[in-house]
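**Q** What follows is a single structure, and I will ask about it in a moment.
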Amino acid sequence: MAEPVQRSVDSDVVECWALWKAVLFVKDLGILKIHVEGDSLTVINAAKSMDEDRSHIGGIMEVTKAKLARFSSFICTHIRRNGNKVAHELAKLAISIGELRIWHGDIHSPLRSLVAAEASRR
């Protein structure tokens, strides 16, 4: 999935918004277990926290955590930015296409080699 952000905002807000959209997307697919990786330590820690988030991402994060609580399993892992090349390329793609794009059952061809490389490191 790739979707552009319409306005310039803080990177943590963008990461939090992306988490929210991913949670909604996965829930709509009927998936019950979710493992999220992200390179924003602020967002990952907020998603894992049981405390109310009163930060600048708190509004989005609280509704996201309420949705996450409905999954039978939720794992949230922080990864370094250089370990998240697929997400970076999707973000660049979203900017270039200018609209929501979802690929079902296939990986956008320019990303195939990056996905394979990241999968082989696990």
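The values are calculated or read from the model by the stated rules, or taken from the named source; none is laboratory data. Being a predicted model, the structure only gives us computed values, none of them experimental. Here Cβ is always computed from backbone atoms with ideal geometry, including for glycine, and neighbour counts include all displayed protein chains. For the accessible areas, the whole protein counts, side chains as well, though only heavy atoms, and no ligand, DNA or RNA atoms are used. Shrake-Rupley method; radii C 1.70, N 1.55, O 1.52, S 1.80 Å.
**Q** Scanning the stretch 92-110 for residues that are at pLDDT 70 or above and within 16 Å of the chain's Cα centre (by Cα), which turns out farthest from G30 (Cα to Cα)?
**A** Filtering the stretch 92-110 for residues that are at pLDDT 70 or above and within 16 Å of the chain's Cα centre (by Cα), the one farthest from G30 (Cα to Cα) comes out as K92.
**Q** Sticking with this one: Give the residues of the stretch 48-68 that are open to solvent by less than 50 Å² (accessible area, probe 1.4 Å) and aliphatic (A, V, I, L, M), sorted by residue number.
**A** As a first pass, look at the stretch 48-68 and keep what is open to solvent by less than 50 Å² (accessible area, probe 1.4 Å): 49, 53, 57-58, 60-61, 64-65, 68.
Hits for the stretch 48-68 are I57, I60, M61, L68.
**Q** Still on this structure: Anything in the stretch 59-82 that is in a helix (DSSP H, G or I), touching a residue at least 12 places away in the same chain (Cβ under 8 Å) and not polar (S, T, N, Q)? List them, or say none.
**A** As a first pass, look at the stretch 59-82 and keep what is in a helix (DSSP H, G or I): 59-68, 81-82.
Right, trim to touching a residue at least 12 places away in the same chain (Cβ under 8 Å) and you get 60-61, 63-65, 67-68, 81.
Hits for the stretch 59-82 are I60, M61, V63, K65, K67, L68, R81.
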